[in-house]
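Engineer: The structure under discussion is supplied below as structure tokens; questions concerning it will follow.
The values are calculated or read from the model by the stated rules, or taken from the named source; none is laboratory data. Quick caveat: nothing in here was measured; it's all calculated off a predicted structure. Virtual Cβ from ideal backbone geometry, glycine too; neighbours counted across all protein chains shown. SASA here: full protein model, heavy atoms, side chains in, ligands and nucleic acids out. Shrake-Rupley method; radii C 1.70, N 1.55, O 1.52, S 1.80 Å.
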Amino acid sequence: MTAIDLNADLGEGFGRWRLTDDEQLLSVVTSANVACGFHAGDPVTMRRVCELAAARGVRIGAQVSYRDLAGFGRRAMDVPSAELAAEVAYQIGALEVFARAAGTRVSYVKPHGALYNRVVHDEEQATAVVEGVLLADAALPVLGLPGSRLLEAAGKAGLEPVTEAFADRAYTEEGTLVPRGQEGAVVTDPEAVVERSLGLAREHAVVARSGARIGVEARSLCLHGDTPGAVELARRVRERLESSGVHVEAFV
């Protein structure tokens, strides 16, 4: 049977400000990428999301990022490797406290925003992220883009590399994501997102921005939680997958 994990970025608030509908999205997804305080999130938010995820049996992932609250982790930054490794480990460790308190554990690691895109091609930064994961917990899988330096470095270090796809992001013919600053980088038509989700799960392929059909092997599908109508769209995606014979389950 065809199976795929559904993950979403959650806990992306700070103080009184909330961006994602964590409770509703946790009723749909099977894995939760929880912000660890560097691009969003705070201790109260992290604890709340871990408790909600644990109650629903949703796997908790540490969504690590550059230290960039003002830019939501989406601004390019140059961070020395040793510093980045330490900051990745720090974020994982902080989330692990709340995951354990909720009766569960951090199950995987996924970079966010600018860091996610940087480690697709940057071997030095990718290695630093992997070193941070190893420092925190050498048993944690790493979620990232197929063919990325990150997953390559993770595999070499003995970590489990897990491939990910995006139904609501435009792809280049090389299989990378179109930068958010470019027109058409985000797919906004709900029906298109649903159809792309099914294509990625069953056919392991998607249509790039150029119109070319490209292969994308992925074990997890990301549903962004910070877009308008995210909850309803996530429900539509899951319903379409399951009605088409795709089993939705956590990858770990």
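Engineer: Can you tell me which of GLY57, GLY15, GLY41, GLY37 is surrounded by fewer than 14 Cβ atoms within 10 Å (Cβ to Cβ), at pLDDT 95 or above and at positive phi?
Structural biologist: GLY57
Engineer: Only one of (1) in contact (Cβ under 8 Å) with a residue 24 or more places away in the chain; (2) surrounded by 18 or more Cβ atoms within 10 Å (Cβ to Cβ); (3) within 28 Å of GLU131 (Cβ to Cβ); (4) under 16 Å from the mean Cα position of the chain (by Cα) fails for ALA167. Which number is that?
Structural biologist: So ALA167 meets the others, but not (3).
Engineer: Across the stretch 205-251, what is the number of residues that are surrounded by fewer than 17 Cβ atoms within 10 Å (Cβ to Cβ), touching a Pro at 6+ places or on another chain (Cβ under 9 Å) and touching a residue at least 60 places away in the same chain (Cβ under 8 Å)?
Structural biologist: Matching residues across the stretch 205-251 total 1.
Engineer: Further, regarding this structure: Just need a number here: residues in the stretch 86-96 that are open to solvent by 10 Å² or more (accessible area, probe 1.4 Å) and either within 14 Å of ASN117 (Cβ to Cβ) or touching a Gly at 6+ places or on another chain (Cβ under 9 Å) (or both).
Structural biologist: Residues meeting the conditions: 5.
Engineer: Right, another one. Which of the residues that make up the stretch 226-252 are within 15 Å of VAL194 (Cα to Cα), in a loop (DSSP other than H, G, I, E, B) and under 15 Å from the mean Cα position of the chain (by Cα)?
Structural biologist: Listed by number, the list holds a single entry, THR227.
Engineer: Before we move on, is VAL194 surrounded by 15 or more Cβ atoms within 10 Å (Cβ to Cβ) and over 27 Å from GLU123 (Cβ atoms)?
Structural biologist: yes
Engineer: Pull up the stretch 110-135, narrow it to residues that are in contact (Cβ under 8 Å) with a residue 60 or more places away in the chain and over 14 Å from the mean Cα position of the chain (by Cα), then point me to the one that is surrounded by the fewest Cβ atoms within 10 Å (Cβ to Cβ).
Structural biologist: The selected residue is GLY132.
Engineer: Could I ask something else about it? Tell me which of these ALA82 doesn't satisfy, since it passes every other one: (1) over 18 Å from HIS224 (Cβ atoms); (2) surrounded by 15 or more Cβ atoms within 10 Å (Cβ to Cβ).
Structural biologist: The single condition ALA82 does not satisfy is (2).
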